[in-house]
Amino acid sequence: MLHCSTRDFNSQLTIRISQFRFAILCLIKLEPAVLKGWFSRHRNRLNFALHMVGIPATIAAAPLAFMRQWAWAAGLLLGGYALQFIGHRIEGNQSGEEQLLRRMLRGKGGAA
């Protein structure tokens, strides 16, 4: 009989998230400070998991828009961003877009 406890599930989830982080570091060679800042705002497992679904969804919206699949493109874009914003609310911090928008409204500009 197979028995899986919450601890087993959390251990597996932690391993999977570590593998995703490693893959991200290997695949996109961004400035280490940029990645460090991104990971510092995505420490909560659920927030990270929501981003792993939300980011590809928002990216997938672009080619669909070029193919004039407006409903699918809008759904993926809005749904993907919604997942990411929900993740930031769970973690209790602001998204990069929200930080940038607040800086622009205060007249300070610059990247988040």
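What follows draws every value from the coordinates through simple rules; no lab data is involved. Predicted model only: the values in this text are computed from it and were never measured. Reconstructed Cβ throughout: ideal geometry from the backbone, glycine too, with neighbour counts over all protein chains shown.
Just the Cα atoms of region 41-106, one point each, no solvent: what log10 I(q)/I(0) does Debye give at q = 0.14, 0.16, 0.17 Å⁻¹? After summing over all Cα pairs, the log10 values are -0.46, -0.57, -0.63.
For residue 98 and residue 66 in the same chain, what is the full-extension length gain: residue separation times 0.36 nm, less their Cα-Cα distance, in nm?
Details: separation 32, 0.36 × 32 = 11.52 nm, distance 2.65 nm.
Using 0.36 nm per residue and subtracting the Cα-Cα distance, I get 8.9 nm.
Each of 52, 79, 90 was scored by the projection of its Cα onto the charge dipole of region 41-106, and the greatest displacement toward the positive side belongs to 90; charges sit on the C-beta of Lys, Arg, Asp and Glu.
Across region 75-85, rounded Karplus estimates of 3J(HN,Hα) from the backbone phi angles (6.51 cos²θ - 1.76 cosθ + 1.60, θ = phi - 60°) give x, 5, 5, 5, x, x, 5, 4, 4, 5, 5 Hz, Gly and Pro being marked x.
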